[in-house]
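See structure below.
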Amino acid sequence: MKRTLLLLCLVLYAAAMALMVRGRVGSDSPPPRAATVPLPDPDVSTRPPRLRFRDCTGEAGIHFQHESGQYGALLFPEINGAGCGFFDFDNDGDLDLLLVNSGTWPHRATDPAQPTAVHALYRNDGNGRFTDVGTEMGLATRVYGQGVCFGDIDNDGYEDVLITGVGRNLLFRNDQGRRFVEISAEAGVGSTEWSVSAAFLDYDRDGRLDLFVSNYVKWSLEEERRINDLRESNIAHGEERRRSGGPMLLPQRVRNENASFRDMFAYGNPALYGGTFCALYRNVDGLHFQDVSEESGIRRTERGGKPVAKALGVAVCDYNDDGWPDIAVANDGVPNLLFKNLGHGRFLDVAPEVGLSTSTSGQARAGMGIQWADFRNNQSIAMAVGNFATEVLGLYMAQDPERSIFVDVALAEGVGAASRPGVTWGLFFFDYDLDGWLDLFTVNGHTHLTEARVQSLPYEQKPVLYWNRGPRRGPAFITVGPEESGPDLFTPVVGRGTAFGDIDSDGDLDILVSANMGPARLYRNEAGPDKNFIRLRLAGVRSNRSAIGARVRVRTGRMWQRREVTSGSSYASQSELTLTFGLGDHPRADEVEITWPSGRQQVFRDVPGRRTIVVTEGQSLP
């Protein structure tokens, strides 16, 4: 009898959970969070639209090749690759792009006066062509580059740049679009860590952008030599066991038992390196920062005082809508972090208690790219995290109005099977067909050729585009193929960073992809001129000038969409700050609701579509 009752309870629980993950349309007025409403009958059309992405890299004048600095020493950072981003550095209205390079290892350079990496800054001429002005704008450096983020730190109207790297980060002040001036030392954001992703945010809401930096593993040349000695020992012992016919102790994830042990142990493994602390810098006066990592609660430790983070990705979002920006961190091989902003300069890691730290089975995964979104348009916020092959993409969705419980719904929502074979790095949500529902794009690529070989997986891997079906029953996402979006976008690459932005001012969103030891690719979205949209470029007054942290909701008919102006996200990359809302069949937005970081709220009604609108805090629409 007890067994029967237990089985009945499990069945009822499973049914309740299934209902919780299926509601997906907005309500007629601003709904409570995680609101559920009756679903319409299934739509006849369940296939993605025929909408092509075309590789326009060469014709646009982009000729960038990422350099990893490899010289045979098998240095661990060489397999990470670097990020990319979109921003309008000269305020001419045309979106420019930046590609981070790693370059020659600084310790190998013979001339200390010469740069070891030149980061490509491509100026958009507004006519479909880009010109690399990275060197003349001051972006030639002696740092092994990793990631990038943008934000206006001094509120002068021009976006400044942070480039992360191995052993040092670089903060560049934008001098009115004429050049970039490196101010890292005087600003106080220098670091001796291996930093990867970063994001600007105004965590204390004082109107100045602060900075969060995710640091990966504890790394140095001396540490690499220790790991190399361990690697050589493992290779020798492995070959000896193979010759003697003894038991084979293969590294984790090895599928090809015939591979050489030198291939099996090529490069290090994050498990062999110690963790690090992430860093939070408070903006004091627009040009100087104070390291508040310890007093703010960002320096998380485990027993013995060891740091817990091995961070590769960071995504900022006010996930619980309390007005204070929170910080999610994707960790490699250790539990993820969610720093809840308590509102008085302190953060508390709540990831374990809300269900965001591990997989459903309780296992830490190889977290890389990360981003938040309300892809259901019903206020049930979700967080996507890219993971290693076979681990499946993480898609954690809030299950209650308070957003105190998250459940990984990747399999239920259609992103599990397609993500299983790929090593997923950069990712983002965006509405590529402008129908009002956020789609998902991920870039994939194995860590290095030898590891791919022993795992019987491709080194170059195809990106994956997931179309959001909108208010239909069943999984939210359907994978898009070449028959719908053309073959260009699905060309296999050793993918790392990715970002989106509207490079040609036609309202639809284009894609930039960076590759490790390979060329960057720019894909133009050819959605066509018949699509309805509204683009909002926000400018803070009491808030920070970039309006980072502003939350925007747009209503068309019964549907509400939610976006937030964010820095960072993806993997080591950043998409444009302008917010794009697809309007579907609606030529205008019925309501636009903006909550600025300062707390000010503004509501605009009957806003015409098919245009980009600059909205200044406290002012009416132009």
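The values are calculated or read from the model by the stated rules, or taken from the named source; none is laboratory data. Everything numeric in this text was worked out from a predicted model, so none of it was measured. Positions of Cβ are generated from backbone atoms using ideal geometry, with glycine treated the same way; all protein chains shown enter the neighbour counts. The protein model used for the area step is the full one, side chains on, heavy atoms only, and it has no ligands, DNA or RNA in it. Shrake-Rupley method; radii C 1.70, N 1.55, O 1.52, S 1.80 Å.
When you check residue 442 against the structure, is it at negative phi and buried (at least 22 other Cβ atoms within 10 Å of the Cβ), yes or no?
yes
Within region 75-168, which strands (runs of 3 or more DSSP E) (wholly inside it) include 1 or more residues that are in contact (Cβ under 8 Å) with a residue 24 or more places away in the chain, touching a Ser or Thr at 6+ places or on another chain (Cβ under 7 Å) and open to solvent by 10 Å² or more (accessible area, probe 1.4 Å)?
The qualifying strands (runs of 3 or more DSSP E) are 120-124.
Taking region 173-201 on its own, how many of its residues are over 14 Å from residue 160 (Cα atoms), modelled with pLDDT of 95 or more and either of a type in the set (Lys, Arg) or open to solvent by 10 Å² or more (accessible area, probe 1.4 Å) (or both)?
Of the residues in that region, 4 qualify.
Against the conditions (1) modelled with pLDDT under 95; (2) open to solvent by 50 Å² or more (accessible area, probe 1.4 Å), where does residue 305 fall short? Just the number, please.
Going through (1) modelled with pLDDT under 95; (2) open to solvent by 50 Å² or more (accessible area, probe 1.4 Å) one by one, residue 305 breaks only (2).
Going by the conditions given, is residue 549 open to solvent by 10 Å² or more (accessible area, probe 1.4 Å), under 22 Å from residue 567 (Cα atoms) and in a loop (DSSP other than H, G, I, E, B)?
Here the answer is yes, as residue 549 does meet what is asked.
Go through (1) buried (at least 23 other Cβ atoms within 10 Å of the Cβ); (2) in a loop (DSSP other than H, G, I, E, B); (3) in contact with a Leu (Cβ under 6 Å, 6 or more places away or on another chain) one by one and return the number of the condition residue 338 breaks.
(2)
Just to be sure, is residue 572 assigned to a loop (DSSP other than H, G, I, E, B) and touching a residue at least 40 places away in the same chain (Cβ under 8 Å)?
Considered against the rule, which asks whether it is assigned to a loop (DSSP other than H, G, I, E, B) and touching a residue at least 40 places away in the same chain (Cβ under 8 Å), residue 572 comes out as yes.
Does at least one position in region 396-404 carry a residue that is in contact with a strand residue (DSSP E or B) (Cβ under 9 Å, 6 or more places away or on another chain), within 28 Å of residue 522 (Cβ to Cβ) and either of a type in the set (D, E, K, R) or outside any helix (DSSP H, G or I) (or both)?
Looking through region 396-404, none of the residues is in contact with a strand residue (DSSP E or B) (Cβ under 9 Å, 6 or more places away or on another chain), within 28 Å of residue 522 (Cβ to Cβ) and either of a type in the set (D, E, K, R) or outside any helix (DSSP H, G or I) (or both).
Would you check which residues across region 116-159 are within 24 Å of the chain's Cα centre (by Cα) and among the hydroxyl-bearing types (Ser, Thr, Tyr) and list them?
Across region 116-159, the qualifying residues are 122, 144, 158.
For region 401-420, give me each residue that is farther than 15 Å from residue 365 by Cβ and open to solvent by 20 Å² or more (accessible area, probe 1.4 Å).
Selection gives 401, 402, 404, 405, 407, 412, 414, 417, 418.
Consider region 44-70. How many of its residues are of a type outside the set (S, T, N, Q), open to solvent by less than 80 Å² (accessible area, probe 1.4 Å) and in a loop (DSSP other than H, G, I, E, B)?
So the count comes out to 11.
Among the numbered conditions (1) at negative phi; (2) touching a strand residue (DSSP E or B) at 6+ places or on another chain (Cβ under 6 Å); (3) crowded, with 24+ Cβ neighbours inside 10 Å, tell me where residue 572 comes up short.
That leaves (1) as the condition not met.
Considering region 139-160 alone, what residues qualify as being over 20 Å from residue 192 (Cβ atoms) and either of a type in the set (D, E, K, R) or touching a His at 6+ places or on another chain (Cβ under 6 Å) (or both)?
139, 152, 154, 156, 159, 160
Would you check if there is a residue in region 315-332 being farther than 17 Å from residue 564 by Cβ and either small (Gly, Ala, Ser) or assigned to a loop (DSSP other than H, G, I, E, B) (or both)?
Yes: one or more hits.
Kindly state which strands (runs of 3 or more DSSP E) lie completely within region 462-538 and contain at least 2 residues that are modelled with pLDDT of 95 or more and surrounded by 23 or more Cβ atoms within 10 Å (Cβ to Cβ).
464-468, 495-501, 510-515, 521-525
Looking at region 287-301, can you tell me whether even one residue there is farther than 22 Å from residue 401 by Cα, touching an Asp or Glu at 6+ places or on another chain (Cβ under 9 Å), surrounded by fewer than 24 Cβ atoms within 10 Å (Cβ to Cβ) and among the β-branched types (Val, Ile, Thr)?
yes
If I filter region 592-622 down to residues being closer than 29 Å to residue 504 by Cβ and hydroxyl-bearing (Ser, Thr, Tyr), which single residue comes out as least open to solvent (accessible area, probe 1.4 Å)?
If we take residues in region 592-622 being closer than 29 Å to residue 504 by Cβ and hydroxyl-bearing (Ser, Thr, Tyr), then 616 is least open to solvent (accessible area, probe 1.4 Å).
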